[in-house]
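**Student:** Let me give you the structure first, and then I'll get to my questions.
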Amino acid sequence: MSTPTIDRAVDGRTYAAYSRPLIWRLVLTREFAVIALLLVVFVYANGNVPNFDGPLTLYYLFLDMAPIMLIALPMTLIIITGEIDLSVASVMGLTSVMLGILYADAGLPMPVAALLAIAVGVACGAFNGFLVAYVGLPSLAVTIGTLALFRGLAVGLLGTEAITDFPQKWTDLAKERIVEGESYPMILIPFVVLVVIFALLLHFSTFGRGVYEIGLNDEAARFTGVNVELTKFWLFVMAGGVSAFAGIYYTLRYGSARGDNAEFYELQVIAAVLLGGVSIFGGRGALHGVIAGVLLIGVLSSAMRLENVSTNITNIVIGGLLVLSVISTSFLSWISALTSGRARRAEASSSPQQSDQSGADQPSR
Amino acid sequence: VTDTLIKPSSAPPLQRALTTALRSREIAVFIVLAALIALATVKSSSFLIGSDGWRNLLVTPSILLLLAVGQTVVIVTRNVDLSVGSTLGLTAYLTGRLFVDQPGIPIPLVFLIGLAFGGLLGLVNGVLVAFGKVPALVITLGTLYIYRGIFLEWAGSDRINASDLPADFLRLGNQQILTIPVLTLIALVVLAAVGYYLHTARGGRELYAIGSDPDAAKLYGLNVTKRVLWAFILCGALAGLAGVFFAARYGSVSSNAGRNLELEAVAAAVIGGVAIFGGVGTVWGAAIGAFLLVTIDRALPILGIPDFWQRAVVGGLIIGAVVLDRVLSARQERKLIEARAES
């Protein structure tokens, strides 16, 4: 929501940054920091938290975090373009209600009802995408509006009642394990498929390069031939579709379709994405960081739950991490500006000519 | 027509005032609000007439009004404060605790403590945003979690009930001066003060300048950091005041206090014509937007629509308002370009 940020968004791309060895360039990134933090927390929890290494911990961690893991994928791409989608949890709620109505009230078979519910989610995403990309409205305002609109439709359609008569076969599927006795639930299969798709899309395709370019400068992206409108439109459609899928999973996992299902999930998804090193200004971020960010939230909450720490404290910790993760960037650059300023002043006092030299070497921004 | 576009001051004052009024977003939203109230009153006269209806109409929106005013001040600087709902909940609980732990504490002091405590929470946001140079959306999303976590952890399973609060304090929620409830009066005084400041004072105009173009404001020599910091402190303080209102109005504070209100405050501002990217909009508009949102909530059941649909209507209104802004500004821009080409 502020502007003087382009220099920060591209800080890894200066000549000075490339003078470091490859290994340092890989290690000194936000993504690596999150992964390292995840490993530290995981290893610590494994060693010190009772029952954390039990078979159920990871299983429930994946089950609970699955909607957030899923939606974080398209959300990453959206935030990299500099937009935001606050309506994802409302889409989840709406598809949950649609699934309930189509299956229980209209009597459609489950796969048909699920497909129609996903179509509703895609339509919701297309509505967002149309308003943001083609009408040119700010996505923050649009998706605050559709957050209320889609949630309102969901609550309006069902009121306070809940549809719970889903067949055992389908509700069991949501909780089934890939291999009996292992701690990996079935939902990880679609997740891994989506991770591969989104990783290919973001990191190994022209579409993905366009996503980054739009985030850095959409005007320049347009001149290099990126179809800015179409790219943004598709991203919102994807977010709608994936949210719908997550909504169906949520419904089946808890066996109930309610209007207020998955309320406030949008904040968790965005927190996870930003924690994973994606810049809210756009143009910077990577999927492996985001996945580590989601898992970090999951590991922290399940470890703290096992330690009998209340969820309120967990929320305080997650909020604190989120604030720290964004503050740290500017804090570190402030420190480095301070130290390099001191170094330059020291040089300047010893030999003014040399300091001119080093001043000229500074990449201009 | 083109003359008035380039040189609006060349038109006669009466005509100018009339065009401004006709184009004014505040008046447009006010007409919608008035129409809604009229419609609901025709359906059921107790909506407006009768002491209960009149009081409810005025007192219920005063909480959201305070939040919307604070939110507008922040949004005008091209920031946003998502933590106001949590601030409200935390302060409402603090208010209840003060009365429980310090029996006989003077009520004005409680109001001051609420303001100060909210301001302190706003200061935290402001320091992080203004000095950390990081987006307000992320920071206040983080503090939303933190403040609510502190609130719930502090409250535990405990809740403040009407029996814990002194009768004088609870009477504030019902008391009326010239049929206008006291809480509404306080909220309107705050609205007038903030509105006057934003409209005329140098500091207020600087907030608009910062929101229109932060870089230009900085180059021009405005103290952006200080202004943004104070905008967040004001927003937090008003949310704190709203927390005290909440305790007085409802008499009980549960863990749900203030939930979701941050988005309603943003919605009220956007409906009232405050541009989400800063620099445009007034607190008057936001205040009318707040009244409209709360009144819709009450009017829908009377109009025969189950109140479950309230949020859908609100969502539609927000999108409608944003689309309308876009269409109007595009038309204005086109006309200005034509006028420039002609002259």
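The values are calculated or read from the model by the stated rules, or taken from the named source; none is laboratory data. Small disclaimer: the values here were computed from a predicted structure and weren't measured. Glycine also receives a Cβ, built like all others from the backbone with ideal geometry; neighbour counts cover every protein chain displayed. Each accessible area value is taken on the protein alone, full model and side chains, heavy atoms only, with ligands, DNA and RNA left out. Shrake-Rupley method; radii C 1.70, N 1.55, O 1.52, S 1.80 Å.
**Student:** Please tell me if A:S325 is more than 8 Å from every other protein chain (Cβ to nearest Cβ), in contact with an Asp or Glu (Cβ under 9 Å, 6 or more places away or on another chain) and in a helix (DSSP H, G or I).
**Tutor:** Criteria not met by A:S325.
**Student:** Across region B:222-258, what is the number of residues that are closer than 13 Å to B:Y93 by Cβ and surrounded by fewer than 24 Cβ atoms within 10 Å (Cβ to Cβ)?
**Tutor:** The qualifying residues number 5.
**Student:** Can you say whether A:D172 is part of a helix (DSSP H, G or I), of a type outside the set (S, T, Y) and exposed (fewer than 14 other Cβ atoms within 10 Å of the Cβ), as far as the supplied structure shows?
**Tutor:** yes
**Student:** While we're here: Can you pull out every residue in region B:322-334 that is touching a residue at least 24 places away in the same chain (Cβ under 8 Å) and facing chain A (nearest Cβ under 8 Å)?
**Tutor:** If the condition is that a residue be touching a residue at least 24 places away in the same chain (Cβ under 8 Å) and facing chain A (nearest Cβ under 8 Å), then B:V322 is the only one that fits.
**Student:** Any residue at all in region B:110-118 that's at pLDDT 85 or above, open to solvent by 60 Å² or more (accessible area, probe 1.4 Å) and more than 22 Å from the chain's Cα centre (by Cα)?
**Tutor:** no
Yes/no per residue for (1) at pLDDT 90 or above; (2) under 26 Å from A:T164 (Cβ atoms):
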residue: A:M75; (1), (2): yes, no
residue: A:I78; (1), (2): yes, no
residue: A:G82; (1), (2): yes, no
residue: A:D85; (1), (2): yes, no
residue: A:S90; (1), (2): yes, yes
residue: A:G93; (1), (2): yes, yes
residue: A:M98; (1), (2): yes, yes
residue: A:L102; (1), (2): yes, yes
residue: A:A106; (1), (2): no, yes
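**Student:** So, one more: Hey, could you check region B:156-183 for residues that are among the β-branched types (V, I, T) and in a strand (DSSP E or B) and say which is least open to solvent (accessible area, probe 1.4 Å)?
**Tutor:** The residue in question is B:I160.
**Student:** So, restricting to helices (runs of 4 or more DSSP H) that lie completely within region A:210-304, which ones have at least 3 residues that are under 18 Å from A:D64 (Cα atoms) and open to solvent by 10 Å² or more (accessible area, probe 1.4 Å)?
**Tutor:** Ranges flagged: A:228-254, A:265-275.
**Student:** Right, something else. Evaluate the following for B:I186: is it in a helix (DSSP H, G or I), more than 23 Å from the chain's Cα centre (by Cα) and of a type in the set (V, I, T)?
**Tutor:** Spelling it out, it is not the case that B:I186 is in a helix (DSSP H, G or I), more than 23 Å from the chain's Cα centre (by Cα) and of a type in the set (V, I, T).
**Student:** Checking the structure you have, find out if any residue of region B:82-97 is open to solvent by 30 Å² or more (accessible area, probe 1.4 Å), in contact with a Pro (Cβ under 9 Å, 6 or more places away or on another chain) and either modelled with pLDDT of 85 or more or not in a helix (DSSP H, G or I) (or both).
**Tutor:** No - not one qualifying residue is present in region B:82-97.
**Student:** So which of A:F127, A:F150 ends up being open to solvent by 50 Å² or more (accessible area, probe 1.4 Å), hydrophobic (A, V, I, L, M, F, W, C), facing another protein chain (nearest Cβ under 10 Å) and within 17 Å of B:A312 (Cα to Cα)?
**Tutor:** Step by step, each of A:F127, A:F150 is checked, and only A:F127 is open to solvent by 50 Å² or more (accessible area, probe 1.4 Å), hydrophobic (A, V, I, L, M, F, W, C), facing another protein chain (nearest Cβ under 10 Å) and within 17 Å of B:A312 (Cα to Cα).
**Student:** Continuing with the same structure: For A:G283, indicate whether it is closer than 25 Å to B:V134 by Cα and in contact with a Phe, Trp or Tyr (Cβ under 7 Å, 6 or more places away or on another chain).
**Tutor:** In short, yes.
**Student:** Given the options B:L137, B:L121, name the one that is modelled with pLDDT of 85 or more and open to solvent by less than 50 Å² (accessible area, probe 1.4 Å).
**Tutor:** One residue alone meets the criteria, B:L121.
**Student:** Pick from region B:45-60 the residues that are within 17 Å of the chain's Cα centre (by Cα) and in a helix (DSSP H, G or I): which of them is surrounded by the fewest Cβ atoms within 10 Å (Cβ to Cβ)?
**Tutor:** By that ranking, first place goes to B:L58.
**Student:** Then there's this: Among (1) out of contact with any strand residue (DSSP E or B) (no Cβ under 7 Å at 6 or more places or on another chain); (2) farther than 14 Å from A:T81 by Cα; (3) more than 14 Å from chain B (Cβ to nearest Cβ), which single condition is A:L235 missing?
**Tutor:** All conditions are met except number (2).
**Student:** Hey, another quick one. Restricting attention to region B:140-155, and to residues there that are within 7 Å of chain A (Cβ to nearest Cβ) and open to solvent by 50 Å² or more (accessible area, probe 1.4 Å), which single residue is modelled with the highest pLDDT?
**Tutor:** In this case the residue turns out to be B:I150.
**Student:** Taking B:I186 and the conditions (1) more than 10 Å from chain A (Cβ to nearest Cβ); (2) closer than 22 Å to B:A286 by Cβ; (3) in contact with a Ser or Thr (Cβ under 7 Å, 6 or more places away or on another chain), which numbered condition does it fall short on, given that it satisfies the others?
**Tutor:** For B:I186, the exception is condition (3).
**Student:** Let me ask something additional. Please determine whether any residue of region A:131-139 is more than 10 Å from chain B (Cβ to nearest Cβ), surrounded by fewer than 22 Cβ atoms within 10 Å (Cβ to Cβ) and in a helix (DSSP H, G or I).
**Tutor:** yes
**Student:** Pairs under 6 Å by beta carbon, first residue at positive phi in region A:78-99, partner modelled with pLDDT under 95, six or more apart or different chains?
**Tutor:** A:G82/A:G215; A:G82/A:G282
**Student:** Inside region B:50-67, can you point out the residues that are farther than 15 Å from B:L178 by Cα and modelled with pLDDT under 75?
**Tutor:** B:G53
**Student:** Any idea which of (1) modelled with pLDDT of 75 or more; (2) buried (at least 17 other Cβ atoms within 10 Å of the Cβ) is the one B:A35 doesn't satisfy?
**Tutor:** The failed condition is (2).
**Student:** Okay, next question. May I ask you to verify whether B:I63 is touching a Gly at 6+ places or on another chain (Cβ under 7 Å), of a type outside the set (D, E, K, R), within 30 Å of B:G122 (Cα to Cα) and assigned to a helix (DSSP H, G or I)?
**Tutor:** no
**Student:** Output the number of residues of region B:250-288 satisfying the condition of being within 13 Å of chain A (Cβ to nearest Cβ), within 19 Å of B:V190 (Cβ to Cβ) and assigned to a helix (DSSP H, G or I).
**Tutor:** Final tally of qualifying residues: 7.
**Student:** Checking A:A303 against (1) under 18 Å from A:Y44 (Cα atoms); (2) within 11 Å of chain B (Cβ to nearest Cβ), which test does it fail?
**Tutor:** Here A:A303 clears every test but (2).
**Student:** In addition: Within region A:196-208, which residues are open to solvent by 30 Å² or more (accessible area, probe 1.4 Å) and in contact (Cβ under 8 Å) with a residue 12 or more places away in the chain?
**Tutor:** Within region A:196-208, A:L201, A:H203, A:F207 qualify.
**Student:** Continuing with the same structure: Anything in region B:1-19 that is assigned to a helix (DSSP H, G or I) and at pLDDT 75 or above? List them, or say none.
**Tutor:** B:P13, B:L14, B:Q15, B:R16, B:A17, B:L18, B:T19
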